[in-house]
Amino acid sequence: MNTPIPETLNMLVLTLTAAGAVFLLLFLVMYARLHAFIALMVVSILAGLFSGMPVKKIIETMQEGMAGTLGFLAIVVALGAMFGRILHETGALEQIAIKLINCFGEKRTNLAIGITGLICALPLFFDVAIVLLIGIVFTITNRLGGNVVKTAIPLFAGVAAAAAFLLPGPTPMLVASQMNADFGWMILIGVCAAIPAMLIAGPLFGNFISQHVFIALPENYQGNESKKDKMPSFMFSLLIVLFPLALVGLKTLSSYFLVKGSDAEHWLEFIGHPFIALLLACLLAIYGLGLRYGMNREKVMEICSAAIQPAGIILLITGAGGVFKQVLVNSGVGPVLGNALMNTGLPIALACFVLAAAVRIIQGSATVACLTTIGLILPVINELGYSGAQLAALAVCISGGSIVLSHVNDSGFWLFSKFTGATEGQTLKTWTLMETILGTVGAIIGMLFFIFL
């Protein structure tokens, strides 16, 4: 006859398993220099074993976690990558940047750069957006003279705000889908979080920190004027960038002015699903931009193929993060830690932010921090019956926590350092503080929405 394990001892074992899994993940990635995908898979298996899961259940959970994550994200990432690359290659993103900078004038250039990053990064991965837009920073710094910090911080803040809070970005899309949040509310709350967070962490903080940290233009910098003979107009470029957002938002609005269950509502729900919205946006970019502005079909297909190649490793690591999340849920670690967190008396929105921030600081990846937090908090949330709007607010809180205190275990830290020429100390004073301000402000706005919804 098996003796039952006391509940207190079981909670202790599961808590130690979760803590040990996160610290082991940190060790494998940072010190053992193991690839993040392999490290996540190894830690997921060990977490399942130490939590007492049957070995057969561990394998089933790994398949469930990978399929549940990539079943949604793979389509979004592939279509978003192609959409963004065509916008770049045709000069649409460049047109938006040029127009905004001209409209705001030289004195408010840093504000224009922040808005440029926010808008142009909507269809792009964070690192891809930085690669494509960093030239704007150097061009403006070279033209106006001065400090790279003052122009780089607003750009990075705008791109990071879009990557953390705005659909159709892969991470907020993933968080919203895993949380079963309402996508329309996710757009509204995300915009309300991203704009003030970007303004405070970008232009305002950039002006302040540029008085204390100076970074000169890279020695090998050379001006690069656009060589495109034919470019789309600013308005047309902006409309195409915002097109998928409009479709997703229309889906939510339809529930307020259409008869529930009608054919019209069903069609708007279909068209407004992120899969269809991004597919239509991609087709519009191919035919409305690519072919219309001088590209032949072979060139368009070449761009699309090149765009999705770098997405493979991103999908694998994200899928492995989904495996880790699912192991935490199915092993019982998630419910135990989630309930323990609730027993501390922390409000649920603040708990989401704190958990995501803790995991982010320990292991670096914002996406993995989001997925791990969802795995820990979802069992509690499911029992409380929150609305889709409230879940969207909690998703924003998680996203905010997942980007604070970026340091040497985060690829974004090194991306900023590499492209701007900042030392590690300068990067901590600029990039790390900017990310912390951005995530905290965005999360606070998410908490306010959660309170009043």
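The values are calculated or read from the model by the stated rules, or taken from the named source; none is laboratory data. Everything numeric here is computed off the predicted structure, so don't read it as measured data. Quick reminder, even Gly has a Cβ in these numbers, built from the backbone with ideal geometry, and neighbours come from all protein chains shown. Just so you know, the surface numbers come from the protein's heavy atoms only, side chains and all, with ligands and any DNA or RNA stripped out. Shrake-Rupley method; radii C 1.70, N 1.55, O 1.52, S 1.80 Å.
Per residue Cα convex hull volume for region 376-426, in cubic angstrom?
Once divided by residue count, the hull of region 376-426 is 95 Å³.
Put a dot 7 Å past the Cα of LEU291, heading toward its Cβ, do the same for GLN63, and the two dots end up 4.2 nm apart. Diagonalising the gyration tensor over the Cα atoms of region 360-453 and scaling each eigenvalue by 5 before taking the square root yields semi-axes of 30, 14, 8 Å, largest first.
Sorting the segments 41-48, 269-276 by their residues' average number of neighbouring beta-carbon atoms within 10 angstrom, most packed first, yields 41-48, 269-276. Residue pairs exceeding 20 angstrom between C-alpha atoms, taken from LYS150/LYS230; LYS56/LYS325; LYS299/LYS418; LYS107/LYS429; LYS99/LYS429: LYS150/LYS230; LYS299/LYS418; LYS107/LYS429; LYS99/LYS429. The label point for PHE23 and the one for HIS407, both projected 7 Å from the Cα toward the Cβ, are 1.6 nm apart. Ordered from longest to shortest, the equivalent ellipsoid semi-axes for region 42-105 are 46, 14, 7 Å, each the square root of 5 times a Cα gyration tensor eigenvalue. Our coupling estimate for region 347-353, obtained by passing each phi through the Karplus curve with A = 6.51, B = -1.76, C = 1.60 and θ = phi - 60°, is x, 4, 5, 5, 4, 4, 5 Hz, Gly and Pro reported as x.
Given the rule -39500 (n - 2.57) for each run of at least 4 DSSP H residues, summed and divided by the residues of the chain, what is its mean residue ellipticity at 222 nm, to the nearest 500 deg cm²/dmol? Could the numbers behind the result be given before it?
Details: 22 runs with 339 residues, N = 453.
Taking each H run of at least 4 residues, the total per residue is -24500 deg cm²/dmol.
Test of understanding: extend the Cα→C-beta vector of LYS429 to 7 Å, then name every residue of region 171-208 with backbone N under 17 Å from that spot. Those under the cut-off are 205-208. Computed from label points 7 Å out along Cα-Cβ, the spacing between ALA216 and LEU242 is 4.2 nm. Relative to one another, the C-alpha centroids of region 181-213 and region 253-298 are positioned 28 Å apart. Over the chain, Cα pairs under 8 Å with separation of 6+ residues give a relative contact order of 23 percent. Using θ = phi - 60° in the Karplus curve 6.51 cos²θ - 1.76 cosθ + 1.60, the 3J(HN,Hα) couplings for region 440-450 round to 5, 4, x, 5, 4, 5, x, 5, 5, 4, 4 Hz; x is entered for Gly and Pro. Take each peptide in 395-407, 187-199, 344-356, count the other Cβ atoms within 10 Å of every residue, and average; sorted highest first, the result is 395-407, 187-199, 344-356. 3J(HN,Hα) along region 172-182: x, 5, 5, 4, 4, 5, 5, 8, 6, 7, 6 Hz, from the Karplus curve 6.51 cos²θ - 1.76 cosθ + 1.60 with θ = phi - 60°, whole Hz, x for Gly and Pro. Counting only cysteine Cβ atoms and a cutoff under 4.7 Å, the chain contains unmatched residues CYS103, CYS120, CYS192, CYS282, CYS304, CYS370. Distance from the alpha carbon centroid of region 388-453 to that of region 37-68 works out to 29 angstrom.
What part of the accessible area of the chain, given as a whole %, is carbon or sulfur when the probe is 1.4 angstrom? List each step's numbers first, then the result.
Details: 12910 of 19590 Å².
In the chain, the share of accessible area belonging to carbon and sulfur is 66 percent.
Sorted largest first, the spans of the alpha carbon positions of the chain along the three principal axes are 81, 58, 45 Å. Straight-line reach from LYS251: taking Cα to Cα under 27 Å and skipping same-chain neighbours fewer than 8 places apart, the lysines in range are LYS260.
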